[in-house]
Amino acid sequence: MPILEILKPGITTQSSEETVSIAKSLVSELPENSILTLEGDLGTGKTTFVKGLALGFGIHDRITSPTFNIFNCYMKNAKSTTLLHLDAYRLEGNSGIIDELMLEDFMKPPFILAIEWPKLLGPIPWKPTLELTFSIMSQGTHLIRAI
Ligand SMILES: Nc1ncnc2c1ncn2[C@@H]1O[C@H](COP(=O)(O)OP(=O)(O)OP(=O)(O)O)[C@@H](O)[C@H]1O
Ligand SMILES: [Mg+2]
């Protein structure tokens, strides 16, 4: 069954490796230039999911929380997909700042943009392709659901 279908009712993962593997498998199902919003509290697995996306694209850079950079840009190779990872956590109270980030300059097709804490950005000028919510069911068991 496609991951996109599995994500609708929600999927529970038992480990970070499983979350990585779901995200990795999802990549082949995403249209070009996808925008993913990743919602959920601290430590629910958003960055872990982005690690899986990177692996799905064949990007082996270390994916970290772009806490100080606000966003990170990874490239598979000069011609192929760019993975943009934006973490809005530190932008709280600065909604409207999205225009100042000049993200569009990096959104050169084909790209995929993954946004953690999207609500803190205020209105996003693009319609997300996929909106995911992350939560913790019990220790080690996390739920990922498409909304
Ligand atoms: N099933 C699981 N899926 C994902 N992560 C899990 C799972 N079980 C345990 N973990 C752990 O939960 C943590 C998730 O951290 P991660 O940085 O991905 O969260 P986050 O949602 O990005 O948090 P933040 O909002 O602080 O950026 C990791 O330490 C990971 O090892
Ligand atoms: Mg994170």
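The values are calculated or read from the model by the stated rules, or taken from the named source; none is laboratory data. Given the structure is predicted, the values throughout are model-derived calculations rather than measurements. Here the Cβ positions follow ideal geometry from the backbone for every residue, glycine too, while neighbour counts run over all protein chains shown.
Structure values in brief
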item: From S65, S25, S34, residue being of a type in the set (G, A, S), touching a Ser or Thr at 6+ places or on another chain (Cβ under 9 Å) and modelled with pLDDT of 95 or more; result: S34
item: Selection from segment 18-49 of residues that are near ligand 1 (Cβ under 10 Å from one of its atoms) and part of a strand (DSSP E or B); result: L38, E39, G40
item: Qualifying residues in segment 24-43 (those that are under 14 Å from I115 (Cα atoms) and either surrounded by 19 or more Cβ atoms within 10 Å (Cβ to Cβ) or of a type in the set (D, E) (or both)) - the one farthest from ligand 2 (Cβ to nearest atom); result: S34
item: Any hit, segment 1-8, residues being surrounded by fewer than 18 Cβ atoms within 10 Å (Cβ to Cβ) and in contact with a Ser or Thr (Cβ under 8 Å, 6 or more places away or on another chain); result: no
item: Only one of L113, L132 that is in contact with a Lys or Arg (Cβ under 8 Å, 6 or more places away or on another chain), closer than 20 Å to F57 by Cα and either within 16 Å of ligand 1 (Cβ to nearest atom) or part of a strand (DSSP E or B) (or both); result: L132
item: Residue list for segment 1-17, restricted to those being small (G, A, S) and either near ligand 1 (Cβ under 6 Å from one of its atoms) or in a strand (DSSP E or B) (or both); result: S15, S16
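Residue-by-condition table, conditions (1) more than 16 Å from ligand 2 (Cβ to nearest atom); (2) on the phi < 0 side of the Ramachandran plot; (3) modelled with pLDDT of 95 or more; (4) crowded, with 20+ Cβ neighbours inside 10 Å:
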| site | (1), (2), (3), (4) |
| --- | --- |
| H60 | yes, yes, no, no |
| G93 | yes, no, no, no |
| M107 | yes, yes, no, no |
| A114 | no, yes, yes, yes |
